[in-house]
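Here is the structure we will look at.
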Amino acid sequence: MTQPLLEVRGLGKRFRRAGSTVTALDGINLQLYPGETLALVGGSGSGKSTLARTILRLIEPDAGEIRFEGEDLLAKRGRDLRAMRSRLQMVFQDPHAAFNPRATVARAIEDPLRIHDVVPARDRPRRIAELLERVGLSSELATRNVHDISGGQRQRVAIARAIATHPRLIVLDEAVSALDVSVRAKVLDLLVTLQEQEGIAYLFVSHDLGVVKKIADRVAVLDHGRIVESATADDLIRNPQSDAAKALVAATPRLKYSPEREV
Amino acid sequence: MPVLRRFLGTAEGIAGGAILLAIAITAVLASVLFPGDPLAIVAEPMLQPFQHQDAILGTDRLGRDVLAELVHGARTSLLVGLAAAFAAIAVGATVGTIAGFAGGLVDEALMRVTEAFQTVPGFLLALALVSVVGPSLPVVVTAIAASAWTQPARIARAEVLSIRERDYVASARAIGMHPAEIAFREVLPNALPPVLTLASVIVANAILIEAALSFLGLGDPNIVTWGGMIAEGRVVLRGAPYLSIFPGLALVATVLGVYLTGEGVVEALASGRSR
Ligand SMILES: Nc1ncnc2c1ncn2[C@@H]1O[C@H](COP(=O)(O)OP(=O)(O)OP(=O)(O)O)[C@@H](O)[C@H]1O
Ligand SMILES: [Mg+2]
């Protein structure tokens with residue numbers, strides 16, 4: 001069996017706020033293999049975003065271990081950590097909040113190219129145009145402000161920014177939740193295509209089983225900071241075991257009445 | 001430019017803008033309008049204003065043209081005001097950004113320093129610095145900036161504390177951007193607008209402090225300043241009050257112009273945002 005790309009063991013995180021403590025993550029274990037999509041589902045406040053951001057080293061955990069490409073991710077600091085980030089990327093839920101209000105499309109995509117020296121400076125404009133085309137956007141968009149394009153276009157720019165450094169894993173935190181249904185389907189198709197072409201693994205955070213069913217190989221259900229169930233998407237929808245999974249299935253009625261319908 | 005149109009739609013904007021523009025044009029054209037040294041003696045001393053063609057506003061105790069001095073003094077006032085405000089905002093925004101972004105001990109240390117500066121009245125600090133280092137234009141500007149950077153620093157820090165929690169900062173970290181670049185390229189430009197609303201107050205204050213320093217004889221002695229003119233005129237206040245009144249009026253007009261312009265800008269920006 002191949003080595004997991006990402007391996008999380010005993011991950012714990014508590015937030016202390018105004019005297020009380022919230023246990024956001026409680027002994028999380030998970031493994032993700034190259035080119036695979038693992039969905040992370042759970043109700044609001046179950047700890048999905050905390051887990052996603054902890055794996056990205058945007059939040060520091062209190063306990064546990066994260067191994068990425070066999071290396072101890074939590075031991076990395078400074079320059080090492082920044083260099084490693086080219087292989088581990090993230091797409092945020094709200095494409096509006098995830099871009100600097102002053103950024104142009106070109107700048108948003110140029111940043112990772114420049115920081116990780118992916119291509120020489122003179123080739124960057126061409127690479128930006130290529131990346132835009134790969135995510136299904138016109139290269140004429142490059143000069144526009146990121147906040148002057150549509151939500152769907154913006155999320156495609158976020159994807160272009162994420163794939164610019166040829167990452168092996170992209171963590172997507174509710175990356176399609178803010179999009180209209182038709183736009184959402186197209187962005188999901190794009191993600192699937194990119195995965196086929198580049199073999200990128202996805203950690204796909206969502207609370208929508210309809211979306212998860214379409215993209216994920218396996219699903220882990222999070223409840224109060226713990227993984228309470230782990231199964232293939234179809235098994236989970238057909239035969240949920242935990243209360244959290246049952247609630248999620250019940251909350252997605254179109255799954256019950258027409259399980260085969262595409263979303 | 002919708003902001004400019006809204007700015008000119010406010011009463012403060014029109015009045016302040018007109019006053020400031022007039023003074024700024026005068027200052028820029030000073031050496032065209034009155035070529036040569038404004039401190040040169042051109043006529044008999046103590047000529048009354050509005051009676052002589054070549055010294056419309058009269059002459060001072062030494063026979064220098066009051067109007068020429070006023071016009072050149074405008075240049076000093078505006079220059080010192082703008083330079084000091086620029087320096088104060090640049091230093092304040094940088095310190096505030098580093099404090100807010102770095103957090104922890106760095107933040108503690110920088111904020112203690114800021115508080116220390118704040119407890120000393122600004123004018124006294126400037127006075128002390130100039131007396132120690134000696135009066136020259138750069139020293140005066142530095143001294144005024146040293147007393148004015150604390151407010152921009154506090155406002156920048158508060159703004160940075162909220163901005164650093166935004167997703168786009170997390171996104172910049174996620175792509176591996178260096179913390180210094182995140183602080184100064186992603187965060188600082190977005191923290192600036194509220195800091196810039198302080199600009200007019202700082203400029204007005206700087207102009208007044210410069211005048212006060214010059215009045216006390218601590219201005220650059222080789223340059224005409226309104227404060228210096230008022231001090232000169234004070235000696236003969238009874239016989240020739242105009243020698244103090246003209247620079248005094250110029251000072252009031254400039255400070256008022258700066259202040260009203262600032263109000264107009266704030267109002268224009270606010271009405272733009274609420275639309
Ligand atoms: N910075 C923080 N400070 C304090 N508590 C936090 C912080 N971030 C998250 N929490 C708490 O941790 C728990 C998990 O939050 P998290 O955002 O990970 O949930 P989530 O599953 O992503 O929810 P949602 O579906 O609403 O996005 C919640 O109880 C939340 O209130
Ligand atoms: Mg979340």
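The values are calculated or read from the model by the stated rules, or taken from the named source; none is laboratory data. For clarity, every value in this text was computed on a predicted model and none was experimentally measured. Cβ placement follows ideal geometry from the backbone for every residue including glycine, while neighbour counts extend to all protein chains displayed. The area values use the complete protein model at the heavy-atom level, side chains included, leaving out ligands, DNA and RNA. Shrake-Rupley method; radii C 1.70, N 1.55, O 1.52, S 1.80 Å.
For the range A:42-62, what are the residues that are assigned to a loop (DSSP other than H, G, I, E, B), within 13 Å of ligand 2 (Cβ to nearest atom) and of a type outside the set (A, V, I, L, M, F, W, C)?
Answer for the range A:42-62, where residues must be assigned to a loop (DSSP other than H, G, I, E, B), within 13 Å of ligand 2 (Cβ to nearest atom) and of a type outside the set (A, V, I, L, M, F, W, C): A:GLY43, A:SER44, A:GLY45, A:SER46, A:GLY47.
Do you know which residues across the range A:102-139 are under 20 Å from the mean Cα position of the chain (by Cα) and farther than 13 Å from A:ALA162 by Cα?
A:GLY136
Are there helices (runs of 4 or more DSSP H) fully within the range B:1-91 with at least 2 residues that are under 29 Å from B:PRO135 (Cα atoms)? List them.
Working: elements: B:2-9, B:11-28, B:30-33.
The qualifying helices (runs of 4 or more DSSP H) are B:11-28, B:30-33.
Please enumerate the residues belonging to the range A:116-126 that are more than 14 Å from chain B (Cβ to nearest Cβ) and open to solvent by 80 Å² or more (accessible area, probe 1.4 Å).
Answer for the range A:116-126, where residues must be more than 14 Å from chain B (Cβ to nearest Cβ) and open to solvent by 80 Å² or more (accessible area, probe 1.4 Å): A:ARG122, A:PRO125, A:ARG126.
Return the residues of the range A:153-181 that are within 11 Å of chain B (Cβ to nearest Cβ) and within 16 Å of A:ALA52 (Cβ to Cβ); say none if nothing qualifies.
Listed by number, the residues that qualify are A:ALA158, A:ALA162, A:PRO167, A:ILE170, A:VAL171, A:ASP173.
For the range A:29-41, name all the residues that are more than 9 Å from A:LEU222 (Cα to Cα) and within 16 Å of ligand 2 (Cβ to nearest atom).
A:ALA39 - this is the single residue of the range A:29-41 that is more than 9 Å from A:LEU222 (Cα to Cα) and within 16 Å of ligand 2 (Cβ to nearest atom).
Here is a list of conditions, (1) within 10 Å of ligand 1 (Cβ to nearest atom); (2) open to solvent by 60 Å² or more (accessible area, probe 1.4 Å), and A:ILE59 meets all of them except one; can you say which number that is?
Going through (1) within 10 Å of ligand 1 (Cβ to nearest atom); (2) open to solvent by 60 Å² or more (accessible area, probe 1.4 Å) one by one, A:ILE59 breaks only (2).
Which one is nearest to the other protein chains (Cβ to nearest Cβ), of the residues in the range A:68-106 that are open to solvent by 70 Å² or more (accessible area, probe 1.4 Å) and not in a helix (DSSP H, G or I)?
Among them, the one singled out is A:ARG102.
How many residues does the range B:99-127 hold that are touching a residue at least 24 places away in the same chain (Cβ under 8 Å) and hydroxyl-bearing (Ser, Thr, Tyr)?
So the answer is 1.
Matching residues to (1) within 14 Å of chain B (Cβ to nearest Cβ); (2) more than 16 Å from ligand 1 (Cβ to nearest atom); (3) within 30 Å of A:GLU140 (Cα to Cα):
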position	(1), (2), (3)
A:GLY19	no, no, no
A:LYS48	no, no, no
A:ILE55	yes, no, no
A:ARG114	yes, yes, yes
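So if I check each of B:VAL140, B:VAL133, which one is open to solvent by less than 10 Å² (accessible area, probe 1.4 Å) and aliphatic (A, V, I, L, M)? Write out each step before concluding.
Details: B:VAL133 fails: open to solvent by less than 10 Å² (accessible area, probe 1.4 Å).
Unique residue meeting the criteria: B:VAL140.
Based on this model, can you work out whether A:SER20 counts as open to solvent by 20 Å² or more (accessible area, probe 1.4 Å) and within 13 Å of ligand 2 (Cβ to nearest atom)? Steps first, please.
On the way: open to solvent by 20 Å² or more (accessible area, probe 1.4 Å): yes; within 13 Å of ligand 2 (Cβ to nearest atom): no.
Judged against the criteria, A:SER20 is not a match.
Within the range A:23-40, track down each residue that is in a strand (DSSP E or B), away from ligand 1 (no atom under 16 Å from the Cβ) and open to solvent by less than 60 Å² (accessible area, probe 1.4 Å).
Hits for the range A:23-40 are A:LEU32, A:THR37.
Among the residues of the range B:30-43, is any surrounded by fewer than 16 Cβ atoms within 10 Å (Cβ to Cβ), over 20 Å from B:SER244 (Cα atoms) and among the aliphatic types (A, V, I, L, M)?
Scanning the range B:30-43 turns up at least one residue that is surrounded by fewer than 16 Cβ atoms within 10 Å (Cβ to Cβ), over 20 Å from B:SER244 (Cα atoms) and among the aliphatic types (A, V, I, L, M).
Which ones in the range A:150-183 are within 11 Å of A:ILE215 (Cβ to Cβ) and more than 16 Å from ligand 2 (Cβ to nearest atom)?
Across the range A:150-183, there are no qualifying residues.
Restricting the range B:164-185 to residues that are over 16 Å from A:GLN89 (Cα atoms) and open to solvent by 10 Å² or more (accessible area, probe 1.4 Å), which is nearest to the other protein chains (Cβ to nearest Cβ)? Steps first, please.
Restricting attention to the range B:164-185, the residues satisfying the condition of being over 16 Å from A:GLN89 (Cα atoms) are B:164-166, B:179-185.
Of the ones still in play, those that are also open to solvent by 10 Å² or more (accessible area, probe 1.4 Å) are B:164-166, B:179-181, B:184-185.
Details: B:ARG164: 12, B:GLU165: 10, B:ARG166: 6, B:PRO179: 9, B:ALA180: 12, B:GLU181: 8, B:PHE184: 13, B:ARG185: 9 Å.
Ranking the qualifying residues of the range B:164-185, first place goes to B:ARG166.
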